Amino acid sequence: MIAPSILSADFARLADEMAAVQGERGADWLHVDVMDGHFVPNLTLGLPVVQSLLATTALPVDCHLMIEKPDRWAVGYAEAGSHNVTVHVEAAEDPVMLAKNLRAAGAKAGLAIKPHTPLDPYLDVLKHYDTLLVMSVEPGFGGQAFMADVLGKVRRARRLVDAGHLNLVVEIDGGINADTIEQAAEAGVDCFVAGSAVYAAENPAQAVEGLRRQVEALSIRAR
Ligand code: DX5
Ligand code: ZN
C-alpha cells in the first residue's frame, strides 16, 4: 500500500491535493500528520481539520498522532471516522488500553516507534495493534533523509508477522522515495508513507504510481 502524506501538500488546497492522489492505481490510504508542538517541535493540524478532511475524501484516512497525551486525545480521531489511528509508544501511558479504546471507537489501532526506540520491549503490546509504524526519520518534518538502520526492526516485525506471532500491517514513514522504497520493500514493509516524494512531484498521481510499480517489480522478481 502507498499512503501519501499531506504534510508536504499545499495546506490551502487540501481537498484538491487529496483528490490529486486518488484514482484506480492511486493512494491506498491518506496519511495525515498531527503534530502538537510538544511531542515534536512542529505544529500542523488537529481534529477539526481532520473532520473536514474525512468529510471530503473517500480514501481511508491514516492519522499519525505525534502528540503528547494520546491516551486522552487519540480516540476522538477514531470516533471522527479515521480508518487507522497511530499513536507513539514513547508518548502513550497505557498503550494496551489505548488500542482497545481506538478499536472500540471503530478504527484500526496503530503504534509508532521513533528511529531509536527498540521494538522488542513492545512485542506483547503489539499483539493489541493492527499497524506498526516504523519511523525512518526523526518525527516532526517532511523531506528528511531515510535512516536505513531502522530496517532491522522492519525485518524483525516481518518475521514475527509471517510466523503468526503478530497480526499487523508493517508501515514505514520518513524519507521514502524512488531511491529508498526498494530496500524498505525488501525488508518487508506492507505500507509506505511518502510525503515529499509525492507532493513535491509535478504530478502526485504519477509519483504514487511510480512508487507502486517499483514495489510490484520487486515482488514479481521475488516469485
Ligand atoms: C514526519 C511525518 C511524515 C512525513 C514524511 O514526521 O511523520 O509522515 O510527512 O515526509 P517525507 O516522505 O517527505 O519524509
Ligand atoms: Zn507520518
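The values are calculated or read from the model by the stated rules, or taken from the named source; none is laboratory data. Note that the structure is predicted; figures quoted are calculated from it, not measured. Virtual Cβ from ideal backbone geometry, glycine too; neighbours counted across all protein chains shown. Accessible surface is based on the protein model in full, side chains and every heavy atom, while ligands, DNA and RNA are left aside. Shrake-Rupley method; radii C 1.70, N 1.55, O 1.52, S 1.80 Å.
Within a Cβ distance under 10 Å of PHE192, other residues only, what is the Lys/Arg minus Asp/Glu net charge?
Here the count lands on -3.
Can you give the direction-averaged projected area of the convex hull of the alpha-carbon atoms in segment 102-146, in nm²?
3.9
Kindly provide the helix-only [θ] at 222 nm of the chain, computed as the sum of -39,500 (n - 2.57) over DSSP H runs of four or more divided by all residues, to the nearest 500 deg cm²/dmol?
The helix contribution divided over the chain gives -10500 deg cm²/dmol.
Return one whole number: the accessible area per residue of the chain in Å², for a 1.4 Å probe.
For the chain, the solvent-accessible area averages 44 Å² per residue.
Mind listing P(r) for segment 14-104? All alpha-carbon pairs, 5 Å bins, whole percents.
So the P(r) values, bin by bin, are 3, 14, 25, 23, 18, 11, 5, 1.
Calculate what fraction, in whole %, of the accessible area of segment 2-222 sits on carbon and sulfur atoms when a 1.4 Å probe is rolled over the protein chains.
The value for segment 2-222 is 49 percent carbon and sulfur by accessible area.
Quick one: in the chain, what % of C-alpha pairs are over 32 Å apart?
In whole percent, the long-distance tail amounts to 10.
Among PRO60, THR117, ALA157, pick out the residue whose Cα is farthest towards the positive end of the charge dipole of the chain, where Lys and Arg carry +1 and Asp and Glu carry -1 on C-beta, about the Cα centre.
Checking the options against the dipole of the chain, the answer is ALA157.
Taking Cα centroids, how far is segment 138-188 from segment 39-118 in Å?
19
Assign unit charges at the C-beta atoms only (+1 for Lys and Arg, -1 for Asp and Glu), then state the dipole size of the chain relative to its Cα centre in Debye, rounded to the nearest 20.
Using only the charged Cβ atoms, the result is roughly 540 debye.
When only DSSP loop residues count, what GluC sites (Glu not before Pro) in segment 1-107 have their Cβ near at most 10 other Cβ atoms within 10 Å?
Within segment 1-107, the qualifying GluC sites (Glu not before Pro) (loop, at most 10 other Cβ atoms within 10 Å) are GLU24, GLU93.
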